[in-house]
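Notes follow once the structure below has been shown.
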Amino acid sequence: METRPQRGLSLGHDDAVAEETDFELLDRFRRHGDRAAFERIVARHRPWLHRVCARLLRSDEAARDATQDVFARVLNRLDTFRGDNFPGWLKAIAVNCCLNTIDRDKRWAPLEAAGEAPAADLGPELQLLRLEEGVRARHLIARLPERQKIVFCLKYIDDCSYQEIERLTGFSNKEVKSFLQNARRNFENWWRAEEKGRVWQTKT
C-alpha cells in the first residue's frame, strides 16, 4: 500500500505558521485563483502519486507523464470533488489515468522493468511462460470496463481492502463487491477462452 501524506505535514515553511490543509489550499485556489496554493498541493501529493503510477505502468517515464495528467484532470474536475478524502480522490484519478494509458498503448510495459522477471532457476521454458502469462494478464485487465478496472487494480495490484477501495473511489460496499465480482468473472472467462485458443493453435 502507498503511504498517503498526512495533513499538517511540514513542507519547510515557517514553523510558527501551521501548515494549511488540502481543503484550505483548495478553497484559496477556488475562491481567489491562487496558483501558489495549487502548486503547494502538487508538491505535497506528486511523490506518492508518482509511485502509484509507476506500480501500474512499470515505467518511470510513463509514470511522470501520468502524474502530470492527474493534476491536469484535477484542474478540470475540481468542481466535481465532494467529500473529505482528497488523497483518495487523487488516487482514483491516477488509477484511471494509468488504465487509459494502457488502453491507448494497447500493451503493458515489460515485466522486467518492474523487477518481476521469473526466477532464473525455473529454466528457459518456464521463464518464458511466466513472462507471457504476465503480459496476457495485463492485456485482459486493460479490456475490463472502467469501474471494474479501477476496483480490480486497487484490490489485486495495490492490495487495498474493500473498505479502502470504498474510501478511495466513493463506491458503496455493494458496488465494490459487484464490480470486483464482475471483473473476476470477465477476467477468468477471457483467460479460459484464450487458453482454449492457444491449445487449438498448438494442435493445428
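Starting from the exponent 0.38 and prefactor 2.2 Å, build the expected Rg for the stretch 23-98 from its residue count and divide its actual Cα Rg by it.
Numbers: Rg = 12.3 Å, N = 76, 2.2 N^0.38 = 11.4 Å.
Compared with the compact-globule rule of thumb, the stretch 23-98 sits at 1.08.
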Modelled label-to-label distance, Leu75 and Thr21, 7 Å Cα→beta-carbon offset: nm? 2.6 nm
Whole-Å semi-axes of the stretch 143-184's equivalent ellipsoid (Cα gyration tensor): 14, 11, 8
Please work out the FRET efficiency for the pair Arg192 and Tyr162, using the Cβ-Cβ distance as r and a Förster radius of 35 Å; give the result to the nearest 0.05. 0.85
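Express in nm, to one decimal, how much length is gained between Arg136 and Arg46 on full extension, taking 0.36 nm for each residue of separation and deducting their alpha carbon distance. Provide the component values of the computation, followed by the final result.
On the way: separation 90, 0.36 × 90 = 32.40 nm, distance 3.02 nm.
Using 0.36 nm per residue and subtracting the Cα-Cα distance, I get 29.4 nm.
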Karplus couplings for the stretch 153-158 from phi (6.51 cos²θ - 1.76 cosθ + 1.60, θ = phi - 60°), rounded to Hz, Gly and Pro as x? 5, 5, 6, 9, 9, 9
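Just so you know, all these numbers are worked out from the coordinates, no wet-lab data involved. Not measured: the values here are computed from a predicted model. All Cβ positions, even for glycine, are placed from backbone atoms using ideal geometry, and neighbour counts span all protein chains on display.
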